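The structure appears below as C-alpha coordinates.
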Amino acid sequence: MSPRGPRRTRGLVVGLVLAALALTGLDLRQPTALDGVRGALATVLGPAQVVGASVTRPFVRGAQAVRTNADLRRRVRALEAENSRLSTQVNTSGLDRQRLAAYDGLTRTAADTGYTIVPAHVVGIGPAANFSRVVTIDAGRRAGVAANSTVVTDRGLVGRVLRVSDSTASVLLACDAASVVGGRLTSSLKVGLVRGDGGLGDRARLRLDLVDTSVTPGRGDVVVTWGSERGGPYVAGIPIGTVDSVRISARDSRKQAVLMPAVDFAALDLVGVVVAKGTRTDRGLITPSGVQQ
(Lines give C-alpha, C1' and ligand atoms only; values in the text may rest on other atoms or scores of the structure.)
Protein backbone atom coordinates (compact mmCIF):
# COMPACT_ATOMS: atom_id res chain seq x y z
CA MET A 1 0.00 0.00 0.00
CA SER A 2 1.27 3.46 -0.87
CA PRO A 3 1.91 6.02 1.93
CA ARG A 4 -1.13 7.85 0.74
CA GLY A 5 -3.31 4.89 1.70
CA PRO A 6 -3.00 5.28 5.50
CA ARG A 7 -3.34 9.05 5.24
CA ARG A 8 -6.51 8.67 3.17
CA THR A 9 -7.86 6.15 5.68
CA ARG A 10 -7.15 8.44 8.64
CA GLY A 11 -8.73 11.36 6.78
CA LEU A 12 -11.81 9.29 6.08
CA VAL A 13 -12.16 8.26 9.71
CA VAL A 14 -11.74 11.84 10.93
CA GLY A 15 -14.33 13.02 8.44
CA LEU A 16 -16.80 10.35 9.51
CA VAL A 17 -16.29 11.25 13.19
CA LEU A 18 -16.93 14.93 12.48
CA ALA A 19 -20.03 14.02 10.52
CA ALA A 20 -21.26 11.91 13.43
CA LEU A 21 -20.73 14.76 15.86
CA ALA A 22 -22.67 17.07 13.59
CA LEU A 23 -25.52 14.60 13.33
CA THR A 24 -25.82 14.19 17.12
CA GLY A 25 -27.29 17.68 17.28
CA LEU A 26 -30.21 16.68 15.08
CA ASP A 27 -33.51 15.32 16.39
CA LEU A 28 -33.05 11.56 16.36
CA ARG A 29 -36.66 10.87 17.25
CA GLN A 30 -38.09 11.75 13.83
CA PRO A 31 -37.26 9.63 10.75
CA THR A 32 -35.48 11.77 8.18
CA ALA A 33 -33.51 11.34 5.05
CA LEU A 34 -30.41 11.27 7.21
CA ASP A 35 -31.39 7.97 8.79
CA GLY A 36 -29.59 6.12 6.08
CA VAL A 37 -26.49 8.18 6.61
CA ARG A 38 -26.65 7.57 10.34
CA GLY A 39 -26.96 3.88 9.74
CA ALA A 40 -23.97 3.89 7.45
CA LEU A 41 -21.92 5.83 9.96
CA ALA A 42 -22.93 3.42 12.72
CA THR A 43 -21.83 0.54 10.53
CA VAL A 44 -18.46 2.16 9.89
CA LEU A 45 -17.83 3.62 13.38
CA GLY A 46 -19.23 0.75 15.40
CA PRO A 47 -16.02 -1.33 15.30
CA ALA A 48 -13.98 1.80 16.04
CA GLN A 49 -16.10 2.50 19.15
CA VAL A 50 -15.62 -1.06 20.34
CA VAL A 51 -11.88 -0.80 19.84
CA GLY A 52 -11.79 2.59 21.61
CA ALA A 53 -13.76 1.27 24.58
CA SER A 54 -11.49 -1.75 24.88
CA VAL A 55 -8.45 0.51 24.78
CA THR A 56 -9.70 3.01 27.37
CA ARG A 57 -11.36 0.51 29.74
CA PRO A 58 -8.10 -0.50 31.54
CA PHE A 59 -7.28 3.16 32.17
CA VAL A 60 -10.74 3.86 33.60
CA ARG A 61 -10.57 0.77 35.77
CA GLY A 62 -7.05 1.69 36.87
CA ALA A 63 -8.17 5.17 37.95
CA GLN A 64 -11.11 3.65 39.85
CA ALA A 65 -8.78 1.16 41.54
CA VAL A 66 -6.43 3.96 42.61
CA ARG A 67 -9.33 5.91 44.12
CA THR A 68 -10.66 2.77 45.84
CA ASN A 69 -7.25 1.88 47.27
CA ALA A 70 -6.74 5.43 48.53
CA ASP A 71 -10.15 5.33 50.24
CA LEU A 72 -9.33 1.97 51.80
CA ARG A 73 -5.99 3.26 53.08
CA ARG A 74 -7.70 6.29 54.62
CA ARG A 75 -10.28 4.05 56.28
CA VAL A 76 -7.57 1.74 57.60
CA ARG A 77 -5.64 4.70 59.04
CA ALA A 78 -8.82 6.04 60.66
CA LEU A 79 -9.63 2.63 62.14
CA GLU A 80 -6.07 2.23 63.44
CA ALA A 81 -6.23 5.67 65.10
CA GLU A 82 -9.60 4.85 66.68
CA ASN A 83 -8.30 1.49 67.88
CA SER A 84 -5.26 3.17 69.44
CA ARG A 85 -7.49 5.73 71.17
CA LEU A 86 -9.82 3.06 72.54
CA SER A 87 -6.89 0.91 73.69
CA THR A 88 -5.38 3.87 75.55
CA GLN A 89 -8.76 4.64 77.11
CA VAL A 90 -9.16 1.03 78.27
CA ASN A 91 -5.63 0.90 79.65
CA THR A 92 -5.99 4.13 81.63
CA SER A 93 -9.61 3.83 82.75
CA GLY A 94 -8.63 1.73 85.78
CA LEU A 95 -6.02 4.30 86.85
CA ASP A 96 -8.51 7.13 86.37
CA ARG A 97 -11.09 5.33 88.50
CA GLN A 98 -8.55 4.73 91.26
CA ARG A 99 -7.41 8.36 91.23
CA LEU A 100 -10.99 9.60 91.34
CA ALA A 101 -11.71 7.29 94.28
CA ALA A 102 -8.55 8.48 96.06
CA TYR A 103 -9.51 12.12 95.47
CA ASP A 104 -12.98 11.47 96.87
CA GLY A 105 -11.25 9.80 99.83
CA LEU A 106 -9.12 12.90 100.49
CA THR A 107 -12.27 14.99 100.36
CA ARG A 108 -13.83 12.77 103.03
CA THR A 109 -10.62 12.93 105.08
CA ALA A 110 -10.70 16.73 105.05
CA ALA A 111 -14.35 16.72 106.07
CA ASP A 112 -13.81 14.15 108.85
CA THR A 113 -10.66 15.66 110.33
CA GLY A 114 -11.26 19.36 109.69
CA TYR A 115 -7.87 19.72 107.99
CA THR A 116 -7.12 21.60 104.78
CA ILE A 117 -5.27 19.48 102.21
CA VAL A 118 -3.20 20.22 99.10
CA PRO A 119 -3.49 17.29 96.66
CA ALA A 120 -0.30 16.04 94.98
CA HIS A 121 1.00 13.07 93.01
CA VAL A 122 4.05 10.97 93.77
CA VAL A 123 6.46 11.47 90.86
CA GLY A 124 9.65 9.85 92.16
CA ILE A 125 11.08 7.50 94.75
CA GLY A 126 14.60 7.12 96.08
CA PRO A 127 16.90 7.66 99.06
CA ALA A 128 17.82 11.10 100.35
CA ALA A 129 20.61 11.99 102.78
CA ASN A 130 20.40 9.55 105.70
CA PHE A 131 16.95 8.27 104.75
CA SER A 132 16.19 5.34 102.45
CA ARG A 133 12.39 5.55 102.06
CA VAL A 134 11.72 8.92 100.46
CA VAL A 135 9.34 9.93 97.66
CA THR A 136 9.02 13.12 95.62
CA ILE A 137 5.67 14.81 95.09
CA ASP A 138 4.73 17.38 92.44
CA ALA A 139 3.74 20.12 94.91
CA GLY A 140 6.10 22.64 96.50
CA ARG A 141 6.19 26.19 97.81
CA ARG A 142 3.94 27.54 95.07
CA ALA A 143 1.33 25.01 96.17
CA GLY A 144 1.61 26.12 99.80
CA VAL A 145 3.66 23.10 100.95
CA ALA A 146 6.21 23.65 103.74
CA ALA A 147 8.77 21.46 105.48
CA ASN A 148 7.50 19.36 108.40
CA SER A 149 4.00 19.11 106.94
CA THR A 150 1.98 15.91 107.39
CA VAL A 151 1.36 13.83 104.26
CA VAL A 152 -1.64 11.51 104.10
CA THR A 153 -3.81 9.43 101.80
CA ASP A 154 -7.48 8.68 102.23
CA ARG A 155 -6.37 5.59 104.22
CA GLY A 156 -3.89 7.09 106.65
CA LEU A 157 -0.42 8.45 107.31
CA VAL A 158 2.20 8.55 104.55
CA GLY A 159 4.93 10.54 106.32
CA ARG A 160 6.24 14.08 106.61
CA VAL A 161 7.77 16.65 104.26
CA LEU A 162 11.56 16.84 104.52
CA ARG A 163 12.50 19.52 101.98
CA VAL A 164 10.64 21.78 99.59
CA SER A 165 11.44 23.43 96.26
CA ASP A 166 9.21 25.76 94.26
CA SER A 167 7.40 22.92 92.51
CA THR A 168 8.28 19.68 94.35
CA ALA A 169 8.83 18.31 97.85
CA SER A 170 10.62 15.31 99.38
CA VAL A 171 8.55 13.18 101.76
CA LEU A 172 10.00 10.82 104.37
CA LEU A 173 7.79 7.74 104.56
CA ALA A 174 6.63 6.49 107.95
CA CYS A 175 8.08 3.07 107.09
CA ASP A 176 11.65 4.42 106.96
CA ALA A 177 13.86 2.89 109.65
CA ALA A 178 14.77 6.39 110.88
CA SER A 179 11.17 7.59 111.08
CA VAL A 180 9.60 8.16 114.52
CA VAL A 181 5.93 9.09 114.91
CA GLY A 182 3.97 9.67 118.08
CA GLY A 183 1.08 7.18 118.15
CA ARG A 184 -1.98 6.58 120.30
CA LEU A 185 -4.13 3.45 120.77
CA THR A 186 -7.73 4.35 120.04
CA SER A 187 -8.97 1.63 122.42
CA SER A 188 -7.19 2.97 125.53
CA LEU A 189 -5.70 6.32 124.42
CA LYS A 190 -2.31 5.06 125.59
CA VAL A 191 0.58 6.68 123.73
CA GLY A 192 3.89 5.49 122.42
CA LEU A 193 6.41 5.86 119.60
CA VAL A 194 5.95 4.24 116.20
CA ARG A 195 9.05 3.37 114.17
CA GLY A 196 9.44 1.95 110.69
CA ASP A 197 11.44 -1.11 109.70
CA GLY A 198 12.32 -0.06 106.15
CA GLY A 199 10.03 -2.57 104.48
CA LEU A 200 7.64 -1.91 101.61
CA GLY A 201 4.49 -3.58 100.36
CA ASP A 202 3.37 -6.74 102.12
CA ARG A 203 6.63 -6.86 104.09
CA ALA A 204 6.24 -3.41 105.63
CA ARG A 205 5.71 -3.36 109.38
CA LEU A 206 5.73 -0.64 112.03
CA ARG A 207 6.72 -1.02 115.69
CA LEU A 208 4.87 0.63 118.56
CA ASP A 209 6.61 1.01 121.92
CA LEU A 210 4.12 2.22 124.54
CA VAL A 211 5.13 4.58 127.30
CA ASP A 212 3.05 2.57 129.77
CA THR A 213 4.70 -0.85 129.65
CA SER A 214 1.91 -2.42 131.70
CA VAL A 215 -0.55 -2.05 128.82
CA THR A 216 -0.92 -4.93 126.36
CA PRO A 217 -2.38 -3.81 123.02
CA GLY A 218 -5.00 -6.10 121.52
CA ARG A 219 -4.87 -7.53 118.02
CA GLY A 220 -6.86 -5.25 115.72
CA ASP A 221 -6.36 -2.13 117.86
CA VAL A 222 -6.02 0.97 115.69
CA VAL A 223 -3.13 3.37 116.24
CA VAL A 224 -3.44 7.04 115.20
CA THR A 225 -1.08 10.01 115.39
CA TRP A 226 -1.25 11.85 118.70
CA GLY A 227 -0.22 15.13 117.09
CA SER A 228 2.55 17.69 117.44
CA GLU A 229 2.81 21.29 118.49
CA ARG A 230 1.26 23.52 115.81
CA GLY A 231 0.50 20.43 113.77
CA GLY A 232 4.05 19.72 112.65
CA PRO A 233 5.43 17.43 111.66
CA TYR A 234 2.32 15.34 112.40
CA VAL A 235 -1.25 16.44 112.97
CA ALA A 236 -3.43 14.43 115.34
CA GLY A 237 -5.92 11.68 114.57
CA ILE A 238 -4.46 10.25 111.33
CA PRO A 239 -4.51 6.41 111.19
CA ILE A 240 -1.00 4.89 111.30
CA GLY A 241 -1.74 1.18 111.42
CA THR A 242 -3.47 -1.74 113.10
CA VAL A 243 -1.96 -4.03 115.75
CA ASP A 244 -1.10 -7.37 114.16
CA SER A 245 0.80 -8.98 117.05
CA VAL A 246 2.54 -8.17 120.35
CA ARG A 247 6.08 -9.11 121.28
CA ILE A 248 7.19 -9.33 124.90
CA SER A 249 10.86 -9.01 125.74
CA ALA A 250 12.10 -11.89 127.91
CA ARG A 251 14.74 -9.63 129.42
CA ASP A 252 12.63 -6.75 130.72
CA SER A 253 9.05 -7.78 129.86
CA ARG A 254 8.80 -4.75 127.60
CA LYS A 255 5.91 -5.02 125.15
CA GLN A 256 6.19 -4.01 121.51
CA ALA A 257 3.20 -4.01 119.19
CA VAL A 258 3.76 -4.92 115.53
CA LEU A 259 1.53 -2.83 113.26
CA MET A 260 0.20 -3.38 109.77
CA PRO A 261 0.51 0.05 108.13
CA ALA A 262 -2.70 1.78 107.11
CA VAL A 263 -1.05 2.79 103.82
CA ASP A 264 0.57 0.66 101.13
CA PHE A 265 3.88 2.51 100.80
CA ALA A 266 4.74 0.62 97.60
CA ALA A 267 1.64 1.85 95.76
CA LEU A 268 1.53 5.58 96.45
CA ASP A 269 0.02 7.86 93.83
CA LEU A 270 -2.38 10.60 94.95
CA VAL A 271 -1.51 12.01 98.37
CA GLY A 272 -2.50 15.06 100.37
CA VAL A 273 -0.33 17.54 102.28
CA VAL A 274 -1.97 19.04 105.36
CA VAL A 275 -1.61 22.84 105.31
CA ALA A 276 -2.91 25.73 107.38
CA LYS A 277 -6.32 27.19 106.64
CA GLY A 278 -6.18 30.03 104.16
CA THR A 279 -2.94 28.81 102.60
CA ARG A 280 -2.19 30.46 99.25
CA THR A 281 -1.67 27.85 96.56
CA ASP A 282 -1.31 27.47 92.80
CA ARG A 283 -3.84 24.64 92.80
CA GLY A 284 -7.16 23.77 94.36
CA LEU A 285 -7.38 23.18 98.10
CA ILE A 286 -9.43 20.41 99.64
CA THR A 287 -11.10 21.94 102.68
CA PRO A 288 -13.53 20.52 105.25
CA SER A 289 -16.35 22.24 103.35
CA GLY A 290 -15.26 21.06 99.92
CA VAL A 291 -12.84 22.01 97.12
CA GLN A 292 -11.68 25.60 96.79
CA GLN A 293 -9.83 27.01 93.77
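The values are calculated or read from the model by the stated rules, or taken from the named source; none is laboratory data. Predicted, not measured: the structure shown is a model, and the values here were computed from it. For neighbour counting, all protein chains shown are included, and Cβ atoms are generated from backbone atoms with ideal geometry for every residue, glycine included. To get the accessible areas, we keep the full protein, side chains included, count just its heavy atoms, and leave off ligands, DNA and RNA. Shrake-Rupley method; radii C 1.70, N 1.55, O 1.52, S 1.80 Å.
Given Arg283, Arg251, Arg247, which one is in contact with a helix residue (DSSP H, G or I) (Cβ under 8 Å, 6 or more places away or on another chain), on the phi < 0 side of the Ramachandran plot and among the charged types (D, E, K, R)?
One residue alone meets the criteria, Arg283.
With the requirement that a residue be open to solvent by 10 Å² or more (accessible area, probe 1.4 Å), in contact with a Ser or Thr (Cβ under 9 Å, 6 or more places away or on another chain), outside any strand (DSSP E or B) and not acidic (Asp, Glu), what does the stretch 130-144 give you?
If the condition is that a residue be open to solvent by 10 Å² or more (accessible area, probe 1.4 Å), in contact with a Ser or Thr (Cβ under 9 Å, 6 or more places away or on another chain), outside any strand (DSSP E or B) and not acidic (Asp, Glu), then Arg133, Arg141, Arg142, Gly144 are the ones that fit.
Tell me which residues, restricted to the stretch 145-162, are of a type outside the set (A, V, I, L, M, F, W, C) and either open to solvent by 10 Å² or more (accessible area, probe 1.4 Å) or not in a loop (DSSP other than H, G, I, E, B) (or both).
Passing the criteria: Asn148, Ser149, Thr150, Thr153, Asp154, Arg155, Gly159, Arg160.
Do you know which residues across the stretch 244-266 are in contact (Cβ under 8 Å) with a residue 40 or more places away in the chain and either of a type in the set (A, V, I, L, M) or open to solvent by less than 50 Å² (accessible area, probe 1.4 Å) (or both)? It would help to see each step written out before you state the result.
The first filter runs over the stretch 244-266 and keeps only residues in contact (Cβ under 8 Å) with a residue 40 or more places away in the chain, leaving 253-266.
Within the stretch 244-266, Lys255, Gln256, Ala257, Val258, Leu259, Met260, Pro261, Ala262, Val263, Phe265, Ala266 qualify.
Does Gly124 count as under 11 Å from Val171 (Cα atoms) and touching a residue at least 12 places away in the same chain (Cβ under 8 Å)?
Numbers: under 11 Å from Val171 (Cα atoms): yes; touching a residue at least 12 places away in the same chain (Cβ under 8 Å): yes.
Against the criterion (under 11 Å from Val171 (Cα atoms) and touching a residue at least 12 places away in the same chain (Cβ under 8 Å)), Gly124 qualifies.
Here's a check for you: in the stretch 218-228, which residue that is closer than 23 Å to Leu162 by Cβ and not β-branched (Val, Ile, Thr) is least open to solvent (accessible area, probe 1.4 Å)?
The residue in question is Gly227.
Across the stretch 95-129, what is the number of residues that are surrounded by 15 or more Cβ atoms within 10 Å (Cβ to Cβ) and outside any helix (DSSP H, G or I)?
Number satisfying all stated conditions: 9.
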